[in-house]
1. Tell me, Kirkwood radius of the protein assembly as shown from alpha-carbon pair distances, in Å?
2. With point charges of +1 on the Cβ of Lys and Arg and -1 on the Cβ of Asp and Glu, referenced to the Cα centre of region A:4-223, which listed residue (A:H73, A:A108, A:L185) lies farthest in the positive direction of the dipole?
3. Work out which residues of region B:420-454 lose at minimum 40 square angstrom of accessible surface when the other protein chains are put back, relative to the chain isolated, with a 1.4 angstrom probe, and list them by number.
4. Just to confirm a number: summing +1 for Lys and Arg and -1 for Asp and Glu over residues other than A:M253 whose beta-carbon lies under 13 angstrom from that of A:M253, what do you get?
5. How big is the C/B interface in buried accessible area, both sides summed, 1.4 Å probe, to the nearest 100 Å²?
6. Using only the alpha-carbon atoms, how far is helix B:426-436 inclined from the longest principal axis of chain B? Give it as 0 to 90 degrees, nearest 10.
7. What percentage of all Cα-Cα pairs in region C:20-159 are separated by more than 18 Å?
8. Which far-off residues, 5 or more places away or on another chain, put their amide H under 5 Å from the one on A:V80, with H placed in the peptide plane?
Amino acid sequence: MDAIRADSIVKKFGQVTALDGVSVEVAAGELFFLLGASGCGKTTLLRCIAGLETPTSGHIFFGDRDVTQLPPHKREAAMVFQSYALWPHLNVERNVAFGLEERKVDKAEIRRRVGEALELVHLSGMGDRGIDQLSGGQQQRVALARALVVRPKCLLLDEPLSNLDAKLRIEMRREIRRIVKEGGLTGVYVTHDQEEALSMADRMAVLNKGRIEQLGTAEDVYRNPHTAFVSGFIGETNLVKGKALEVRGEFAMIESAAGPLVGRVTRPEWVPAAGEEVILSIRPEAWRVDSQSGENPITGKIIERSYLGQRIQYLVDTPVGIQQVVELNPHLVREPGETPLRLTARHSDVAVLQA
Amino acid sequence: MMRRFLPILLLLAAVIAAPILLRRNSELAAAGHAQDRLVIITPHNETIRSEFGEAFAAHWKAKTGRTLYIDWRIPGGTSDITRVLNSSFEAAEALAKKQNPGHEAEAVKKSGVGMDLFFGGGEPDFAGQMSKDRFVELEVFKTHPEWFKEDVIPAKFTGENYYNPKHLWVGTCLSQMGICYNADSVRRLGILPPRRWADLADPAYAGYVALADPTKSGSVTRMFEMMIQEQMKKRIVKGKEDDEAAKEEGWKNGINLLQAMAANARYFTDAASKIPHDVAQGDALAGTCIDFYGRSYEEKLGRRGPTRLLWIPPLGGTSISVDPIAVLRGAPHSEIAQEFVTFVLSDAGQLLWNYKAGAPGGPRETSPRRLPVRRDLYTVKNLPWFSDPDALPYERSGGFEYDAALTNSAFNVLRQVYRAMCMDTHQEMKEAWDLMRRNGGTLEEIAATPAGKVFFDTSHLGYSHVMKELVPLVGRKDNMAKLDISREMARISGIFRENYKKAAAMAREGGRP
Amino acid sequence: MNRGAAIGITAFVTALFAAFFIYPAISVIGEAFKTPDGKFTLDFVGDVFRNPVYREGLWNALALGVASTLATFAIAFPLSLLAYRYDFRGRGVLGVLILIPLVLPPFVGAIGIKHMLGVQGSLNALLIDLGAMNRNAPVDWLARGRFWGIVAMNALHLYPILYMNISAALSNLDPAMEQAAENLGCSPARRLWRITLPLAMPGIFAGAAIVFVWAFTELGVPLVFDYTRVAPVQVFDGIKDLTGNPAPYALVAIILVISALVFAITKALFGRQTSGAQPRPKGRGGEVKLTGLRGLGCAIIFGFVFLLAALPHAGVVLLSLSEDWYKTVTPVVLTFRHYVDALGSEIVVPSIKNSLLYASGATLIDLILGIAIAWVIVRSKIKGRSLLDALVMLPLAVPGLVLAFGYLALSEPGRPLNFLIGKDGNPAALLIVAYAVRRLPYVVRSAVAGLQQSNPALEEAARSLGAGAFRTLRRVSLPLIGANLAAGCILAFAFAMLEVSDSLILAKQTEHFPITKAIYTLLSSLGDGHELAAALGVWAMVFLAIAITGAAALVGKRGGLFRV
């Protein structure tokens, strides 16, 4: 298994810049996610790693080797396509065996490994089926098996689960992670589904308009978003405008429409200047409802509520705007009304971001 | 999107505009607007159609004050015309019978095919149609009896008929088969230019003779028939016309000559203009060529210097035949049709055939280069205006007389046998010939070799066998005729094929002649 | 597809074919199976097989068919692959130029090539000038190596058919198919063999079927080489023969049977539906932009093929401008007067009008019928659909002259097809029908290939959203197979404009002549006949070239076919 490094990748398609100087390092054996909205460049980056696109500038390294000019069929970076790209004129077994045939593995060995791969994805015995006889989930698994069977240096996955139903998706998430980890594979996974990323990734990069906004573990990215975009993209959040008053170490006091609020500066190497416009990111679950004491108190009125059993969601109208608030295991269902509601949030739960 | 197509549309418009702008005026009224119409089916070329069309339309206008449109039907060569006429008449006769139950014979006699005239071709083709009662009597015989004297239009010349005794058709112009050759190529190869038919059988010409296809044209079959007659006449001594042995020998020589010529042939074509064109281009050395094509190529190539294509009538070997015209049964415009026939035989029409372009009373653009059938027009006054004043067919016939009694009945047989002997088996024939002649030698020398003897063995096709057995066979009309004839021809073809293969094998082993 | 509709269409088309193809064909070919007292016999057919000359003719024809198809493939496939995979400078223009063979006018094309390759022709003149050939011993190219010469000429004439069908097939391919193979370690060469070729099979088969039957029954090219030991020439010769020999008709029947058999076998082997379950390919085509030498190399390859294929055209153009072209590379004296004379001839303008009418009418009929037939063949499940497929292809195998004479006889007054002859003997309807019947295979093959490659789910989606059969057709299916249809229609139109046999025999009156008969007419003019015919031929070439370019531009953007 190789580590993968992408160094200052720029990719232009005519006038359009898909990647604007992107650098990532994926450690050997790591399951790394590229997360972002459509058009952010994540698939382009993946295809650059695969060799299906050539970067306009920049380099790709597998381990120590610069593979930027290496054609795709020599890179040993097996890819699972979003559309699966299974060949209709070959049956399941021939599809899976394809890569091994190219590597001139002998017939008996091929048969054995194909059997193993099919077993791994729970499709044993389906070798002689035609592709058009498979369901979506089965096709996805064949695509996975086809990529795994060749024991690639790295596994590249391009939104492999986006065509599956929710239940299957969740099951496949576990399967894929298990398979990748058990095999000790280095994996790069592209998705727009942040839940997928959060649940499966060792580390992830959040891309926006061809650039990496933030790179880190799930926890990092969730709890310490560097930008308003990242905080908004991952999970839900409330964004509150304010002006920086004072900075003390990790924390800053921000003047807001509801009075001074204190939050944590998450972005490294940035210190808000006094008077600078900032944005506070407060997650719905960060707001405590109706607690007597607490930091960052504000008051508001409930204008809407959704009772979801496990949790309850409120929309609360406050001086700093309508806040989404989530309470787990609610013992009390509060109705919308005129009754003022006191909300508090811990300093460390509030992120101070650049505006 | 339109912006992209604009240049294309403009281009298309420009391209379509060109012919519209260049369109020439014509005496002939456009199809729908003419007051009168005449429908003529013809193998004649565009030049003849164009010149005679214009001239007759002017004549008709002058005579009646009415505009005329001539509807030329040109399905192709004479074999295509025969097919079209047969198909059309058969359908018309069937329809006539159906529509007139009880009076079938009468109705058939009156049935027509919407066409007025059959103009041009050969006498054999006309004989065929005539035998099916498809022509009506020509009035010109009654209105101008003075034209049908020996010194104007003779009944026969060089053994060929110039008009039908029952007045069903009349010859309009003369033509003669001859040899065209490429003087440049002949010189390059260091051989003598051809003078007689037999010269085309000279092995030096191998692969470079362009031959006309007798199976598609009666005139061409006639030409081959004449070659055989020339050989037969050489053997038949005057006074001993009953000498069967002489006839057999002459016949064999004739058939062998056809074989040798065919062995030299590059192809057999039914497109008359292909032969002089290929000869002029050097793709063939020499070929059988009809006179007017030969002469017009001579003129065309002679514009800038000595012409490289020359046409000659072969010494002693060809008759002069006519291109006939007839009015078809059931012609919808029979009055105009009869007038056309009269026009073509009149002074104006006759001189149109050969006068130079632009001459007074001559063609407007191009001279058809055909020779008038009326002898009396080859006068000192007219000849200077002729395109071919030296042709003088009536003086320079070469003395050849076509002798119908000798081989005429074998006409159809000859055509089929030629196919069996020379065309279907051409591949084997050429192979043997190439092997036999690779050591050089004249035709006689090659024929004398063992291989040559096998090649030229025609013992199964002797004169009396042909006349006594094959002619009746081919003439049969009974049910089994088609099958039997085709089987017999296949058998004959098979014999020749075997002979040629044997000759090839022998030539391969053997050495010199 | 609705079973009832499928059966209805099949019945309708079969009836049409029975009336306008089978009936005329049989009325002529039937001669070979009848004794004069009307009984059925196989004697004539047996005689053909017993005769070694005809046996060899059939064998040679088959050999030419197979060899020509392979040679055509060898030209067409690399070209379409290059155009599909790579973007190089001039690809658009060159992609249209190499379709040039389509627009070679009849009669003069053969003359043109002989001026180039004849004994005293252009090529030899060039070689003599360069000192590579002895002036006194010029090589007779057309007399040597005739078989392979014919194969080469066939290939150079027919490759546009295969090229267009393969290009359409490739443009319908999901690029991910190739990329997945690449990703799994497949080198470009192996990828071609394992993935691209199998998936492009529908298009390849569509074109190859037509090419084979065409080459198998080709008449004109063997005649250029005076190669007569081949079945189509024997048929032509025999039909025009005045002796009433039944052998050629038996030969035609045999040719038909062989063509049908070959078609059926190859369809079973190669023409199967392979894709169709895949979603439509996404945008990025994986095209590689070639620059510098490599781009130039591609352009040179295209250019080279174009130059070779355009030899006959060059011959025709030069001939039309020449006074006397003999022993020189190009004519010594150039003149435009033939154009003035030819284009000014009174038969030309009406003939242009007629050709456009006949060809457009036929193409329109073929488009409508072709789509319906392809639908039945690909999307329905009724049993007779393979037979329908073979039936539609048959007209390609029947020599034009045979069908023409059949139409002639049957359209005489009192005969069944006479209703097609209009007022004053106007044969427009008859000619449109005749043209349509013989061009239908092009549209059907292309449409079938297109439908085989497109995903029925896309149509099902439309149906589920409430679109009826026609609207689905119009809004979903047709756009999807647009490239294929365009390919088929372009071929059909071009060939209809250049059609020979029906035009010669059935257009009796001058005012109804199509362009090909006008060319034939001019050819017989005394003196400059060949040059005049060449001038009109060049006009026809230019016109068709512009029309085809326009059609390519129209289709290109949407269909991805020509990438203009």
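1. On the way: mean 1/r = 0.0267 Å⁻¹.
For the protein assembly as shown, the Kirkwood estimate is 37.5 Å.
2. A:A108
3. B:D424, B:Q427
4. -2
5. When C and B are taken together, about 7500 Å² of accessible area is lost.
6. That works out to roughly 40 degrees.
7. 74 percent
8. Amide H neighbours of A:V80: A:L156, A:L157, A:D158.
The values are calculated or read from the model by the stated rules, or taken from the named source; none is laboratory data. All values reported here derive from a predicted model rather than from experimental measurement. Note that each Cβ is placed from the backbone with ideal geometry, even for glycine, and that neighbours are counted across all protein chains shown. We work out accessible area using only protein heavy atoms, side chains counted, and drop any ligands, DNA or RNA first. Shrake-Rupley method; radii C 1.70, N 1.55, O 1.52, S 1.80 Å.
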